[in-house]
Amino acid sequence: MKAIQYLIPLVAIGALIVSGCSEPEPVVAKFDASGFLLTAEPENAVNVKAARESAQDQDDVAIVGRIGGSAEPWVKGRAAFYIVDPTLLACSDEKEDGEICSCPTPWDYCCETDKLPDAMVLVKFVDGGGAIVKHDAKENFGVKELDTVVIRGKAERDDAGNMTVLATKMFVRK
């Protein structure tokens, strides 16, 4: 009995030492995405293809697209995702002949992958200093694959002609 009497305090002290040595869980502040969300759709928005053809580096743009372009269109841990021109048919959309593909990830546009390179852009939400927002877009903006969104921001072009939109505002079509 005396052994147990001494064992209990030793176990308690050991637990305190072990828990004191471990790294504390990081505290993640709740992200308020409301500053990025619009209640009215921006005027003069163009489809992804039109923006890719006409927007120059650093142009202000308003661009319409559907979230998708791959099985995983989200950039994990960042407020960033791909959008696809709304004229492309997702695999769950009804085709002209009435056919509907029943693939598990219709937002990857597997029926139109040959058209994707000229019909999608990366959207990155940036803060006032131009840094990408380090919060998950899907979780914090309440959007999902195939949602149609209108993005306002600046076009950014790389040397290969790829386009990214540095977004400051978003409207989600219902």
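What follows is calculated from the coordinates using simple rules that are stated; it is not laboratory data. What you see is a predicted model, and the numbers here were worked out from it, not measured in a lab. FYI the Cβ positions are ideal-geometry reconstructions off the backbone, even for glycines, and counts take in every protein chain you see.
Side notes on the structure shown:
- Taking every residue in the range 118-129 that is under 17 Å from R66 (Cβ atoms) and in contact (Cβ under 8 Å) with a residue 40 or more places away in the chain and pairing it with any residue that is part of a loop (DSSP other than H, G, I, E, B) and among the charged types (D, E, K, R), at least 6 positions away or on another chain, the pairs with Cβ-Cβ distances below 6 Å are A119/D85.
- For the range 64-96, the tally of residues that are without any contact (Cβ under 8 Å) to a residue 40 or more places away in the chain, of a type outside the set (D, E) and buried (at least 21 other Cβ atoms within 10 Å of the Cβ) stands at 2.
- Filtered residue count, the range 84-113, keeping only those that are over 17 Å from T148 (Cβ atoms) and among the small types (G, A, S): 2
- Boolean, V123 is surrounded by fewer than 18 Cβ atoms within 10 Å (Cβ to Cβ) and touching a Phe, Trp or Tyr at 6+ places or on another chain (Cβ under 7 Å): no
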